[in-house]
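One structure is given below, encoded as structure tokens.
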């Protein structure tokens, strides 16, 4: 937990003594009712017919666009199955819901969970893993913490490493090895510990790794709404 402990110190809230109470005068000003204002009819701008027609004929920023029709000729897009695939994802969302497990885990705080997630992002970037791998790993971590009680803070890095290890074998063509995780964690756990945690995690999720990830929905919506094209036009 050496890496996580260093990051957790950065997440600690500032000293409470540094926060001073707001000035009472400022608060009184906020409580004063706003003064009534009158609008001069002459100051209201009215568009003439030509200007109104120009506004109507302006280019629609969100024109109708059928993404699946545009990609029908692409065999990798499998646009004819897109609707059924995402309908299936929606039907499975209820099976992978995560509760408010922090209430059941007295040794884990939301700050610890935030530090752990940040560390998992760094691991994903260092290993150059897919985004789906990261999202699945975070999902597996949350599901395990929701289903298994009495998890200590010293076990968090092992749990996160195991989740990334499982997700990598599920989504990556060349997943990292156990030795790679032991190296980045500075030998905080043994090979046997990671293999044992892998067995426990798979049993906890019922060996079902096909979780509907939010990233897949976001990528689908971004493509359909041409968000990437709009961003390029605005920059």
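General remarks:
- Computed E for residue 121/residue 147 - FRET, C-beta separation, R0 22 angstrom, nearest 0.05: 0.40
- Most to least packed among 84-94, 101-111 [average Cβ atoms within 10 Å]: 101-111, 84-94
- Potential extension, residue 200-residue 73 segment - 0.36 nm per residue separation minus Cα distance: 41.3 nm
- Simple label model, 7 Å out from Cα along Cβ direction - residue 81 to residue 207, nm: 2.3
- Between the stretch 127-150 and the stretch 65-84, the Cα center-to-center distance that results, in Å: 30
- Placing a label point 7 Å from the Cα of residue 174 along the Cα-to-Cβ direction, none of the residues of the stretch 125-142 has a backbone N under 11 Å of that point.
Values in this text are rule-based calculations from the coordinates and carry no lab data. These figures come from a predicted structure and were not determined experimentally. Please note: Cβ atoms are built from the backbone with ideal geometry, for glycine as well, and neighbour counts cover all protein chains shown.
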